[in-house]
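Note sheet for the following structure.
The values are calculated or read from the model by the stated rules, or taken from the named source; none is laboratory data. This structure is a prediction, so every number in the text was calculated from the model and none was measured. Cβ placement follows ideal geometry from the backbone for every residue including glycine, while neighbour counts extend to all protein chains displayed. When the accessible area is computed, the model is the full protein with side chains, heavy atoms only, and any ligands, DNA or RNA have been set aside. Shrake-Rupley method; radii C 1.70, N 1.55, O 1.52, S 1.80 Å.
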Amino acid sequence: MSVLGIDEITFGAQDIARCRQFFLDWGLNLVEETPWRLVYESLNGCRVIVAHSDTPGLPAGIEPDPTLREVVWGVANAEDMAQYGTAMQQWPGFVQESDRVGCTDPSGLAIRIQISRKKDIALDCAQVNTWSERSRVDQASPAYERAQPIEVGHVVLFVKSLDAVTQFYQDVFGFVISDRYPGRGHFLRCAPRGGHHDLFLLQLPEARNGLNHVAFTVRDHHEVFGGGLHMSRCGWDTELGPGRHPISSAIFWYFISPAGALVEYYADEDELTEVWQPREFTPGPTVFAEWAIKGGVDGETRRQKNADAPSGRFMTDKPKA
Ligand SMILES: [Fe+2]
């Protein structure tokens, strides 16, 4: 028995119109809409909800809106849901509904468990050729006009008490530590076998609870670039990216979200098993990014923002002095 991953997230926000356009540009499908509530789905049916801050019954935020109000984790069946329900009973905010059970984690975030509504989907993804392995033969790499996120892959939270929140997810849900910044951050995955992290907890020196980012899985690194370039053309601001994380190996691109904090496109994260031994790192720029572009890439010129666009057809076509 294990938690399978993130099934649904809910943001609380005031500017619904701006959030509406942002997540449409991000590549999610808008499946329900009222002036107070937007419901989007990713390719595999993972849901992203933006609810107006004043929505009755919306769980309290871990910080002032806009931010994350709720995370729903998926499990395989009713028996698993009942077992996690029993484990959650002793925690504050315990709720038992017909199709969900939940509580509040020690950072104050509302957590729910439901039988997963995500679909198994098969997608064509880019093959990569290396010196020793030629996976892509008689075939060009894809290029994407924009992204279509597959699912919400992970959430990153600032927490006041790293150890208490980590212990909660280990004890109640069986999460496993993948890697650590000792005393500063823990990468957690739902089960011994799976992607590098489903949850990353970060304790700042000025300890506070809050959202750092929500990450959306896309097919391959080309879709990270295609999605980011589209967001750039739509006028949304990059925080950092594209770039690559040495921890998790993922290619990333972070945008500033009107629904709170940042959202990330990512692809090509490490896949781990019970054999993996957690590593320890000291925070620093070279540990965070193997490489990264600050401020993003312009979707039209295909060059880093604030740099001159190329003036000719080839890089060697320099303007005459
Ligand atoms: Fe991330």
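Within region 45-76, being aliphatic (A, V, I, L, M) and within 16 Å of residue 19 (Cα to Cα) holds for 48, 49, 50, 51, 68. Do we have any residue at all in region 22-38 that's touching a Leu at 6+ places or on another chain (Cβ under 7 Å), open to solvent by 10 Å² or more (accessible area, probe 1.4 Å) and closer than 26 Å to residue 144 by Cα? So far as region 22-38 goes, yes, one or more of its residues are touching a Leu at 6+ places or on another chain (Cβ under 7 Å), open to solvent by 10 Å² or more (accessible area, probe 1.4 Å) and closer than 26 Å to residue 144 by Cα.
If the condition is being open to solvent by less than 80 Å² (accessible area, probe 1.4 Å) and more than 27 Å from residue 191 (Cα to Cα), then region 278-298 contributes 284, 292, 293, 295, 296, 297, 298.
Among the conditions (1) surrounded by fewer than 19 Cβ atoms within 10 Å (Cβ to Cβ); (2) more than 16 Å from the ligand (Cβ to nearest atom), the only one that residue 184 does not satisfy is (2). Against the conditions (1) more than 14 Å from the ligand (Cβ to nearest atom); (2) more than 25 Å from residue 275 (Cα to Cα); (3) open to solvent by 10 Å² or more (accessible area, probe 1.4 Å), residue 176 satisfies every one except (2).
Run down 63, 70 and say which single residue is open to solvent by less than 30 Å² (accessible area, probe 1.4 Å) and within 24 Å of residue 202 (Cβ to Cβ).
Numbers: 63 fails: open to solvent by less than 30 Å² (accessible area, probe 1.4 Å).
Result: 70 is the single residue among 63, 70 that is open to solvent by less than 30 Å² (accessible area, probe 1.4 Å) and within 24 Å of residue 202 (Cβ to Cβ).
List the strands (runs of 3 or more DSSP E) inside region 169-251, counting only whole elements, that have at least 1 residues being closer than 30 Å to residue 105 by Cα and aromatic (Phe, Trp, Tyr). In region 169-251, 176-181, 185-189, 199-202, 210-217 are the strands (runs of 3 or more DSSP E) which contain 1 or more residues that are closer than 30 Å to residue 105 by Cα and aromatic (Phe, Trp, Tyr). Restricting to region 126-159, name every residue that is surrounded by 12 or more Cβ atoms within 10 Å (Cβ to Cβ), under 17 Å from residue 226 (Cβ atoms) and away from the ligand (no atom under 16 Å from the Cβ). 126, 127, 128, 141, 142, 144, 146, 148, listed by residue number.
The residue pairs whose first member lies in region 194-214 and is more than 15 Å from the ligand (Cβ to nearest atom) and at pLDDT below 95, whose second member is among the hydroxyl-bearing types (Ser, Thr, Tyr) and assigned to a loop (DSSP other than H, G, I, E, B), and whose beta carbons are closer than 8 Å, counting only pairs six or more residues apart or on different chains, are 207/161.
Within region 247-263, one or more residues are open to solvent by 10 Å² or more (accessible area, probe 1.4 Å), more than 14 Å from the ligand (Cβ to nearest atom) and modelled with pLDDT of 95 or more. Of all residues in region 264-288, those satisfying the criterion of being touching a helix residue (DSSP H, G or I) at 6+ places or on another chain (Cβ under 7 Å) and not in a loop (DSSP other than H, G, I, E, B) are 265, 266, 267. Looking for something within 19 Å of residue 279 (Cβ to Cβ) and more than 14 Å from the ligand (Cβ to nearest atom) - is there at least one such residue anywhere in region 224-240? No: zero hits.
For region 95-120, a residue qualifies if it is open to solvent by 40 Å² or more (accessible area, probe 1.4 Å), part of a loop (DSSP other than H, G, I, E, B) and under 14 Å from residue 72 (Cα atoms), and the qualifying residues are 97, 99, 117, 118.
The rows are residues; the columns are (1) touching a Ser or Thr at 6+ places or on another chain (Cβ under 9 Å); (2) modelled with pLDDT of 95 or more; (3) closer than 23 Å to residue 216 by Cβ.
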position	(1), (2), (3)
8	no, yes, yes
17	no, yes, yes
21	no, yes, yes
35	no, yes, no
59	yes, yes, yes
70	yes, yes, yes
78	no, yes, no
88	no, yes, no
